[in-house]
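Below: one structure, written as structure tokens.
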Amino acid sequence: MDQQTRILVAGGDTLLGAALLRRLHGQGYHQLLGLPPREPDWTDAEQVDNFFLRERPEYVFLTGGPSGGIEENRRYPADLMVENLQVAVNVIPAAFRHGIRKLLYVGSSCCYPKSAPQPLRVEYLLTGPLEPTNLAYASAKLAGLTLCRAYRQQYDAPFITTITANLFGPDDDFHPESGHVISGLMRRMHRAKVRAEPHVVIWGSGRPTRDFLYVDDAADACIFLMRHYNSEEPINVGSGTERSILETARTIAEVVGYRGRLLCDPNRPDGMPRRLLDSSPLFDLGWRPRTDFRTALAATYEWFLHQQMTEEPYVALAV
């Protein structure tokens, strides 16, 4: 990928997609195609095909499709599954038909079976039942991973796939109901600080552990893999460290400056009890995350505060 390469981030309005655009632009890539809001509707096959025909991308990072936290998965499983399936079955075949040089598809750590051994290795995929709270979304992402492998097997297509840890950072969804763990907790703790509320409720027992990765580091890993990886096996992109939800909440409270109590609600779902990716194959290739966890949280909170000053929903703190 030289700096005149035509690069498409399909899903530039997603958390990882926005980070990829930032990092690619910062590294001097200027032929970035379909920048939001000029992206086509990736769920519309005709728009996708016309876009590839017109823009002729050479490299494709496929990050498109909606995602959300436990509550979002509980409320809208059909929407999450259908839209992610549509994105995969539109973009991946179009990339092959139009002769792209390489495509990287981004999967999710929720693709692993609920009771798989830890840390999670790619050979554990499809070996057991998925976590029920994100079954629909995970099934769609698994379909995307499998479709890329099928194109490699049948046509020797230049497609690679990754499975990312729990990502967080700028451009995340900070809604307290639909957001992921870190963004949702950060929003609720900020609100509690502003309103001087005595406690914040954490969903579940607080005991489950997660592999959290700053999104800018994840974007750097994807760019690294586009340059250096070429295998049909998915490759994990994680931090190499797991943290409990309660431990994570305490660190967020310190960063936000919230001094109230943190109360766990065991009546809320926990999700998978543990989710730590085995990222040693990626580390062995020479890549490691650069951003300290607390530093990454502070940068995320700074971005959130800036958004709060510029966007009415955050100013109102209505929810």
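Beta bridges assigned by DSSP with both partners in the range 7-316 are antiparallel in approximately 10 percent of cases. Classification of the chain by its C-alpha gyration tensor yields a prolate form. The axis ratio a/c (a ≥ b ≥ c) is 1.5 or more, and a/b outweighs b/c. Taken along the Cα-to-beta-carbon direction at a fixed 7 Å, the label points for ARG75 and VAL194 span 1.9 nm. If you sort the three axes of the alpha carbon gyration tensor as a ≥ b ≥ c, you get a/c of 1.5 or more for the range 1-58 and a/b no higher than b/c, which makes it oblate. Using Cβ point charges alone (K and R +1, D and E -1), the dipole size of the chain about the Cα centre works out to roughly 620 debye.
For the chain, a Gaussian network of Cα nodes joined below 10 Å ranks ASP278, ASP217, ASP49 by mean-square fluctuation, and the top entry is ASP49. Structure remark: mean-square fluctuation, Gaussian network model of the chain, C-alpha springs under 10 Å; the largest value among ASP292, ASP284, ASP173 belongs to ASP284. Shown in residue order for the range 134-148 are the 3J(HN,Hα) couplings computed by the Karplus curve 6.51 cos²θ - 1.76 cosθ + 1.60 at θ = phi - 60°: 9, 4, 5, 4, 4, 4, 5, 5, 4, 4, x, 4, 5, 5, 4 Hz (x for Gly and Pro). Taking springs between alpha-carbon atoms closer than 10 angstrom, which of GLY144, GLY34, GLY65 fluctuates most in the Gaussian network model of the chain? In the Gaussian network model the winner is GLY34. Between the alpha-carbon centers of the range 37-65 and the range 97-124, tell me the distance in whole angstrom. Between the Cα centres of the range 37-65 and the range 97-124 lies a distance of 21 Å. Using R0 = 45 Å, the C-beta based FRET efficiency linking ASP292 and GLU46 works out to 0.50. Taking a ≥ b ≥ c as the square roots of the eigenvalues of the alpha carbon gyration tensor, the range 241-303 is oblate, as a/c is not under 1.5 and a/b does not beat b/c. Phi angles across the range 163-175 convert, under the Karplus curve 6.51 cos²θ - 1.76 cosθ + 1.60 with θ = phi - 60°, into 3J(HN,Hα) values of 10, 9, 6, 6, 8, 8, x, x, 6, 6, 8, 9, 5 Hz, Gly and Pro given as x.
Each value in this text was obtained by applying a stated rule to the coordinates, not by laboratory testing. Bear in mind the structure is a predicted one, so any value in this text is a computation, not a measurement. Every residue, glycine among them, receives a Cβ derived from its backbone with ideal geometry; neighbour counts consider all protein chains shown.
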